[in-house]
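Inspection log for the structure reproduced underneath, given as structure tokens.
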Amino acid sequence: MRRVFAIMSGRLAELMLLPAVLLVPAGAPAQEAQEAAPEAPAASVDEAVDEDGNTPLIRAAMRLNRLMRISSPVPPEVWKEVEDAVFQLLAGGADPLRENNRGCNALFFLHVRPDWVERLRRENLLPPELAVRIPAGRTEFLHYISLRAAQARKAYTASLGDPGYLSRRYCQPAYGRCRDLVEELLNGHGMTDENAAALADALEVMRAADAEKAADYIDSLPLWQHGEQMMQPVPLALLQALQDTRWAPNVANIRTALDKLASMLPASKEDMIDCAAARPVRVLLHLLVYQEGPRAMPELERLAQAYDPDAACAAMELMLQLRGGRYLPELQAEPTTPFERLAEAYRVDDAVYHGNWRELDPAAILRAAECMRSLEKTPCPLHAAMLEGMVKDGQLAVSEDDALNLRYRYEEIDEPAPRRCILSHILAKYDTYFPAQPAPQPQQP
């Protein structure tokens, strides 16, 4: 044990004098740099647990993970010091299977260096891995898959830990239970926020366990052939979970469901009553564009002409993204460019229509009204007047009676939806708002 402490407090302490870039990726916060620096040993290799449940071995393995992500060359002596720390902690009795508060053990991070793991096994420094016990109770199982889904998202998006180890040890044994949970939720008659989160977690664990098998399962669901069912809360929650987890369902299935729902969109003001097709249409369009990119433009152009403003705006937002990677910015303190002012007017109109106007800045409402009046081809003076009527003496002035009828009154105005007109204006004037950058001129010799 003294040898362990000597190494941990001796040469490893010299790492604290090296530039932080050797230990953490560029741009990492100061706190992460401190975490990457070696620490003084505790009285026991497993006793110095931090607030996140990380043992000294887990922290050393996490430092290894950071080193693997650094793009610049890492000096050999740095690798040697971290390697010595890991091997000496294990030789001193550290438990590589002990998990932190997020369900991660040291091996999850150490597997980014398979050569180290193989050497540790040869030297009998790793105990045999017993099968993970999948919790039997529903509450405990939901907690389990929540932890594993969070690990999977970080492993695949931030290269944190080893996805293969996560899949083999934690996700594959839970695949069947996760599939059963998905079946149970899809056959239910309601969708709470808790169930929606469980559905997304179960899908993430299934994909981490066996991506091909999970994809085949999702693509085989009869739901795709009955797009009208996607207007219900449970199927809609499934679509939203697929979008949130960046799933890639079969493109033909997406188009089949999209065609069915598009045929159900309202064709007149009278049809707008109780039509819920626009929400699944929006999600399906995102799933389609995620895979098809510009090849999805025909569907977007067709739906941009839909009478339903929500469906049309969903299509036009994606057309804007495909055209030049442009996204409508969220509401900010005060827009400065013409495009930002148009985006603000769009956000204000969307918030008023969907009943989220109470948190709007009165100044933003007035700026939106002015913007609506100034649209070239399709100005919206009647909607602008209604917005102006919501503000008095710089404050929101909407009575409770008016609040209940606000959306109805908004829809009854004999004008196109302002947010639709705004997006059409942006697309028509795209080159004005985003002029092409001139190609750099070759330097004269």
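Couple of notes before you dig in:
- Gained length - residue 189 relative to residue 97, 0.36 nm times residue gap less alpha-carbon distance: 29.1 nm
- Global form of the range 47-165, assessed from the alpha-carbon gyration tensor, a/c cut-off 1.5: prolate
- Heavy-atom accessible area order for 279, 367, 98, largest first, 1.4 Å probe: 279, 98, 367
- Shape category assigned to the range 177-217 from the gyration tensor of Cα positions, a/c cut at 1.5: prolate
- For the range 288-386, GluC sites (Glu not before Pro) are listed when DSSP marks them as loop and at most 13 other Cβ atoms sit within 10 Å of their Cβ; the list is 330, 376.
- Distance between the C-alpha centres of the range 369-408 and the range 202-275: 35 Å, rounded to the whole angstrom.
- Formal net charge of residues neighbouring residue 214 (Cβ-Cβ distance under 9 Å; K, R +1; D, E -1): 0
- A Cβ-based charge dipole, computed about the Cα centre of the range 330-445 with Lys and Arg at +1 and Asp and Glu at -1, lands at about 400 debye.
- Taking the range 253-355 and dividing mean pair separation by its residue count, relative contact order in percent (alpha carbons under 8 Å, at least six apart): 20 percent
- Per-peptide average of other Cβ atoms within 10 Å, ordering 260-269, 200-209, 116-125 highest first: 200-209, 260-269, 116-125
- 25 Å Cα-Cα reach of residue 213 towards lysines, excluding residues that sit fewer than 8 places from it in its own chain: 154
- Per-residue ³J(HN,Hα) for the range 345-353, Karplus 6.51 cos²θ - 1.76 cosθ + 1.60, θ = phi - 60°, Hz, x for Gly and Pro: 4, 4, 5, 5, 4, 5, 5, 5, 4
- Carbon plus sulfur fraction of accessible area for the range 187-256, probe 1.4 Å, in percent: 48 percent
- Under 11 Å from a label point set 7 Å out along the Cα-to-Cβ vector of residue 134, the amide N atoms of the range 192-220 belong to 206.
- Over all other residues within a Cβ to Cβ distance under 15 Å of residue 143, the charged ones net out to 0, with Lys and Arg as +1 and Asp and Glu as -1.
- Listed by chain and number, the lysines placed with their C-alpha closer than 26 angstrom to that of residue 269 are 260, 377; residues fewer than eight positions away on the same chain are left out.
- Length gained on full extension, residue 197 to residue 413, computed as 0.36 nm times the residue gap minus the Cα-Cα distance: 73.9 nm.
- Solvent exposure, largest accessible area first (probe 1.4 Å, DNA, RNA and ligands not counted), of 383, 111: 111, 383
- Between the amide H of residue 391 and those of 397, distances stay under 5 Å, these residues lying 5 or more places away or on another chain, with hydrogens modeled in the peptide plane.
- Solvent-accessible area of residue 382, all protein chains in place: 90 Å² (probe radius 1.4 Å, heavy atoms, ligands and nucleic acids excluded).
- In the full protein context, the range 274-327 carries 43 Å² of accessible surface per residue, based on a 1.4 Å probe and ignoring ligands, DNA and RNA.
- Unit charges on C-beta of K, R, D, E only; dipole of the range 312-351, Debye: 220 debye
The values are calculated or read from the model by the stated rules, or taken from the named source; none is laboratory data. Here the structure is a predicted model, which means the values were calculated and not measured. Cβ sites come from the backbone with ideal geometry, for glycine too, and all protein chains shown count toward neighbours. Only protein heavy atoms, including side chains, enter the accessible area calculation; ligands, DNA and RNA are left aside. Shrake-Rupley method; radii C 1.70, N 1.55, O 1.52, S 1.80 Å.
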